[in-house]
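Below: one structure, written as structure tokens.
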Amino acid sequence: MRARLAIAYALPVASLELREVVLKDKPQAMLDISPKGTVPVLHLENERVIDESLDIMLWALEQNSALKQRWLGKDSSGAIKALIASNDGDFKWALDHYKYADRFEHSAQFYREKAEFFLVELEARLQKHAFLMGADMTLADVAIFPFVRQFAHVDKDWFFASEFKALQAWLSARLAEGRFNAIMKKYPPWSAQQAPLYFPAENVAD
Ligand SMILES: N[C@@H](CCC(=O)N[C@@H](CS)C(=O)NCC(=O)O)C(=O)O
């Protein structure tokens, strides 16, 4: 989701061919280029394969220097990447356990509490300004909000009744964005017979 979103911000309409994958039935063509079998996978014309979502986001920014300047330009200290690393590391671990607590040793509440360190950090930032790093959107917002969305969806009543008010408002604003809704469009699973589908599918104003 975050890779699609960064591409939708960075690249003109129809820059890439999109192949929707059903995880229970991964196409051999995908496993041939990325044997680890996770999505997203970006296969470039020069045969380079990028199969980590954050790396695909960074690649998208390389294609659009104005956007790169807006989203990463002020990250000389590495603070944006550090916050994303915290999301992708300890928060993602706790989130995955919270989502599927019945497969693990402890209760959902136990894992939710493990995730809260990160929500506290995000809430403190968002009480000071509209976006995670300041007054403007950066890569941090786009890379992190899909995971906060997943967290909220495990128990929406808990999340929206929680003390994380600025985080709730930020998440609601991210979910209301036109570009997010455009990339959430459903595509049929790819098959070798189908006509190519191109992405981004439409122009969405900022
Ligand atoms: N660190 C990877 C994680 C990717 C990942 O785990 N993707 C999930 C879907 S969201 C997946 O492909 N799982 C493989 C499976 O369920 O078989 C990234 O961000 O690209």
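The values are calculated or read from the model by the stated rules, or taken from the named source; none is laboratory data. On a predicted model such as this, the values are computed, not experimentally measured, just so you know. Cβ coordinates were reconstructed from backbone atoms using ideal geometry, including for glycine residues, and neighbour counts include every protein chain displayed.
Numbers at a glance
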quantity	calculated
Close pairs (9 angstrom Cβ cut-off, 6 or more residues apart or separate chains): in the same structural domain as Ala85 (by TED's automatic domain parsing) in region 110-129, acidic (Asp, Glu) and not in a helix (DSSP H, G or I) anywhere	Arg112/Asp155; Glu123/Glu163; His129/Asp136
Output for region 130-164, where each listed residue is assigned to a helix (DSSP H, G or I), in contact (Cβ under 8 Å) with a residue 12 or more places away in the chain and farther than 20 Å from Trp93 by Cβ	Leu139, Asp141, Val142
Out of Leu197, Leu167, sole residue that is touching a helix residue (DSSP H, G or I) at 6+ places or on another chain (Cβ under 6 Å) and among the hydrophobic types (A, V, I, L, M, F, W, C)	Leu167
Leading residue by the ranking (farthest from the ligand (Cβ to nearest atom)) among those in region 1-14 that are within 16 Å of Val49 (Cα to Cα) and touching a residue at least 60 places away in the same chain (Cβ under 8 Å)	Ile7
Residue list for region 49-73, filter: among the polar types (S, T, N, Q) and within 12 Å of the ligand (Cβ to nearest atom)	Ser53
So Phe159, is it under 15 Å from Phe131 (Cα atoms), in the same structural domain as Phe91 (by TED's automatic domain parsing) and not aliphatic (A, V, I, L, M)	no
Residue satisfying all of: in region 15-30; part of a loop (DSSP other than H, G, I, E, B) and closer than 26 Å to Phe180 by Cβ; farthest from the ligand (Cβ to nearest atom) among these	Ser15
Some residue of region 31-45 being away from the ligand (no atom under 16 Å from the Cβ), more than 30 Å from Leu197 (Cβ to Cβ) and more than 16 Å from the chain's Cα centre (by Cα)	no
Matching residues in region 31-47 - criterion: being under 26 Å from Leu72 (Cα atoms) and not in a loop (DSSP other than H, G, I, E, B)	Leu42, His43
Residue ID - nearest to Asp25 (Cα to Cα), chosen from residues in region 185-206 that are touching a residue at least 60 places away in the same chain (Cβ under 8 Å) and among the hydrophobic types (A, V, I, L, M, F, W, C)	Trp190
